[in-house]
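Enquirer: Quick one: the structure is below, and I'll ask about it shortly.
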Amino acid sequence: MRLRYLGSAADWGFGLYLASKDGYEDAVLPVGTFTGTPEEALDCACELYLSTPDI
């Protein structure tokens, strides 16, 4: 996960590392925006990578 400071404590860019592209790509938070708080970004990354798959 990558955070990009955009000038405000509540406004950060969010990107995820993609091994297939060997780099980061901007990601959309669950609220539907490309920016948000660091907590929202971490929650999103953890949900994507640490949750158990639905069976």
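Every number in this text was worked out from the coordinates using simple rules, so none of it is lab data. Just so we're clear, the structure is a prediction, and the values are computed from it rather than from any experiment. A quick note on method: Cβ atoms are made from the backbone with ideal geometry, for glycine too, and the neighbour counts reach across all protein chains shown.
Enquirer: Of all residues in the stretch 27-48, which are of a type in the set (A, V, I, L, M) and surrounded by 15 or more Cβ atoms within 10 Å (Cβ to Cβ)? Spell out the reasoning first.
Expert: Restricting attention to the stretch 27-48, the residues satisfying the condition of being of a type in the set (A, V, I, L, M) are 27-29, 31, 41-42, 45, 48.
Hits for the stretch 27-48 are ALA27, LEU29, ALA41, ALA45.
Enquirer: To continue, here is another question. Being in contact with a Phe, Trp or Tyr (Cβ under 9 Å, 6 or more places away or on another chain) and not β-branched (Val, Ile, Thr) is the filter here, so list the residues in the stretch 27-41 that pass it.
Expert: ALA27, LEU29, PHE34, GLY36, PRO38, GLU40, ALA41
Enquirer: Here's a follow-up. Select from the stretch 15-55 the residues that are small (Gly, Ala, Ser), more than 9 Å from the chain's Cα centre (by Cα) and either more than 19 Å from ARG4 (Cβ to Cβ) or not in a strand (DSSP E or B) (or both) and list them in ascending order.
Expert: Once the filter is applied, which keeps residues that are small (Gly, Ala, Ser), more than 9 Å from the chain's Cα centre (by Cα) and either more than 19 Å from ARG4 (Cβ to Cβ) or not in a strand (DSSP E or B) (or both), the stretch 15-55 yields ALA19, SER20, GLY32, SER51.
Enquirer: Still on this structure, I have one more. When the residues of the stretch 1-14 are filtered to those that are assigned to a strand (DSSP E or B) and among the aliphatic types (A, V, I, L, M), which remaining residue is nearest to GLU47 (Cα to Cα)? Steps first, answer last, please.
Expert: If we filter the stretch 1-14 for residues that are assigned to a strand (DSSP E or B), which is where we start, we get 2-8, 11-14.
Now narrow it down to the ones that are among the aliphatic types (A, V, I, L, M): 3, 6.
Numbers: LEU3: 16, LEU6: 24 Å.
Among those that are assigned to a strand (DSSP E or B) and among the aliphatic types (A, V, I, L, M), it is LEU3.
Enquirer: Give the stretch 7-26 a look and list any residue that's loosely packed, with under 11 Cβ neighbours inside 10 Å and either among the small types (Gly, Ala, Ser) or in contact with a Phe, Trp or Tyr (Cβ under 6 Å, 6 or more places away or on another chain) (or both), or say none. Step through it out loud before you land on a result.
Expert: Within the stretch 7-26, the subset loosely packed, with under 11 Cβ neighbours inside 10 Å is 7-9, 19-23.
Residues satisfying the conditions are GLY7, SER8, ALA9, ALA19, SER20, GLY23.
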